[in-house]
Amino acid sequence: MARLVDRLNDKPGLVVELVTGEDDVCRPCPHLDNGACRRFGSQVEELDARVLERLGYRPGDCITWGELLDNLSTSINAEQLAEFCGDCRWTDLSYCTDGMKTLEKNRTGGGDRP
């Protein structure tokens, strides 16, 4: 996932399609079967849908990566992730929390934009 995020951060003007469920992060996963996650079931779609709703988007919307980061950094903070993510397996890895803290720091002028 880090390589994908790094590639996206290098191209903030790149248009991305917002989806629930299977996406470019999930594609290499061995638990993906015909577009469905055999390990976490509908939890992925539910988490994605909650975040999209909070940001004011719908599945299928296309926006630039930079616009998504700007909206994300002003709509959800690192402490609120537990509200959205619950028992998501990524929570224990702190990947999302660390990313949100970086976005917040960049938004307030405390770091370089990702």
Per the 1/(1 + (r/R0)^6) rule, R0 = 30 Å and r from the Cβ atoms of Asn34 and Ala78, FRET efficiency to 0.05 is 0.30
re the chain: pairs of Cα atoms spaced beyond 18 Å account for a percent value of 54
Computed, not fitted: 222 nm per-residue ellipticity of the chain from DSSP H runs ≥ 4 (each -39500 (n - 2.57)), nearest 500, equal to -13000 deg cm²/dmol
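Please compute the net charge surrounding Asp33, taking Lys and Arg as +1 and Asp and Glu as -1 over other residues with Cβ under 11 Å from its Cβ.
Once positives and negatives cancel, what remains is +1.
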Computed about the Cα centre, the charge dipole of the chain from +1 Lys/Arg and -1 Asp/Glu charges at the Cβ has a magnitude in debye, to the nearest 20, of 220
The cysteines in the chain that find no other cysteine Cβ closer than 4.7 Å to their own Cβ are Cys26, Cys29, Cys37, Cys62, Cys96
In degrees rounded to 10, the 0-90 angle between helix 95-107 Cα long axis and the longest Cα principal axis of the chain is 30
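Read-outs throughout are calculated quantities, based only on the coordinates presented, and are distinct from any laboratory measurement. None of these values were measured; they are calculated from a predicted model. Ideal geometry is used to build each Cβ from the backbone, glycine not excepted, and the neighbour counts take in all protein chains shown.
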